[in-house]
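For reference, the structure is listed below as structure tokens.
The values are calculated or read from the model by the stated rules, or taken from the named source; none is laboratory data. Just so it is clear, the structure is predicted and the values come from calculations on it, not from any experiment. Here the Cβ is made from the backbone with ideal geometry for all residues, glycine too, and neighbour counts use every protein chain on show.
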Amino acid sequence: MADSHELTFAGTRETITARNWPNPEARYTVVLVHGYGEHIGRYEHVADALATHGAVVYGLDHMGHGKSGGDRVVIKDFEDVVTDVHTLVETTRAEYPDLPTVVIGHSMGGMIAARYAQRYGDGLAALVLSGPVIGSWSVVDQLSRLPEIPDTPIDPSTLSRDTAVGTAYAADPLVWHGPFKRPTVDAFLAMMATITAGGSLGELPTLWVHGDADEVVPLSGSRPGVEAIEGSNLTEIIVPGARHEVFNETNKDEVLADVTHFLDRVLRST
């Protein structure tokens, strides 16, 4: 597995902890954007696959997540998180100014990555969205209408057909195992509306990967969001039988190979 080290920087609201997987022979840079309630440490195997393919990889724990500062899972405005991601992207460019940049986001991270592409897409070589929270998300729709948010965490069994993934998730002390927070629910709804209204990604090469058995972020909710932002260069891969975390599924090697094959095609044309 590729070696990594931590770094910190001043985010928009909190001190942000990030991680870097160096690669002295890198052909491109990747910034990984994790999902709700988790942290970038769950992406070691993704970073390793990308490093083997020729990437230098970075990722951050969002405010209120993992090792970063802030009240747990409280995000009042996702535009601030997008700005934090951009700060990290700028760090990668300062260190590797001649390499193309790719952003890969999962779930909530897919939402953040999609908005990042709307704001800063001119500086990207490619975008990868995995099970993105765009379009509509029934979870937050329902929670927003309740007078009090119940203490109902994400069911680990819905993440992957590999039961070891759910077991590790449930035992991970850096994962949030409590309820959603009201400010974050409101921020989700606001950001999804912003992305839908934000327009096409133009010619940016974009890969959308989604499990067709995803119960956490259902395919039917995300598809309208993808259609709202898709430009002229969208590749769609719907993984049969896969649950929410396609990068942690029983066929994860195949899914990650699909990602690197997409990147090969894109990078050959840059």
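Summary of computed values
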| item | result |
| --- | --- |
| Every residue from the stretch 113-132 that is assigned to a strand (DSSP E or B) and touching an Asp or Glu at 6+ places or on another chain (Cβ under 9 Å) | 130 |
| Hits in the stretch 186-200 - residues which are in contact (Cβ under 8 Å) with a residue 40 or more places away in the chain and surrounded by fewer than 21 Cβ atoms within 10 Å (Cβ to Cβ) | 186, 187, 189, 190, 194, 196, 198, 199 |
| Residue ID - nearest to residue 217 (Cα to Cα), chosen from residues in the stretch 149-160 that are surrounded by fewer than 17 Cβ atoms within 10 Å (Cβ to Cβ) and out of contact with any helix residue (DSSP H, G or I) (no Cβ under 6 Å at 6 or more places or on another chain) | 158 |
| The stretch 1-45, residues that are part of a loop (DSSP other than H, G, I, E, B), of a type outside the set (Ser, Thr, Tyr) and within 30 Å of residue 152 (Cβ to Cβ) | 11, 13, 14, 34, 35, 37, 38, 39 |
| Options 42, 115, 72; residue that is basic (Lys, Arg), more than 14 Å from the chain's Cα centre (by Cα) and within 30 Å of residue 170 (Cα to Cα) | 72 |
| Residue match in the stretch 150-161 (condition: farther than 15 Å from residue 35 by Cα and in contact (Cβ under 8 Å) with a residue 60 or more places away in the chain) | yes |
| Output for the stretch 216-270, where each listed residue is among the charged types (D, E, K, R), crowded, with 18+ Cβ neighbours inside 10 Å and either assigned to a loop (DSSP other than H, G, I, E, B) or at pLDDT below 95 (or both) | 243, 245, 249 |
| The stretch 75-109 - residue that is over 15 Å from the mean Cα position of the chain (by Cα) and without any contact (Cβ under 8 Å) to a residue 60 or more places away in the chain and, of those, farthest from residue 19 (Cα to Cα) | 98 |
| Positions within the stretch 228-252 being touching a residue at least 40 places away in the same chain (Cβ under 8 Å) and at negative phi, in sequence order | 228, 229, 242, 243, 244, 245, 246, 247, 248, 249, 250, 252 |
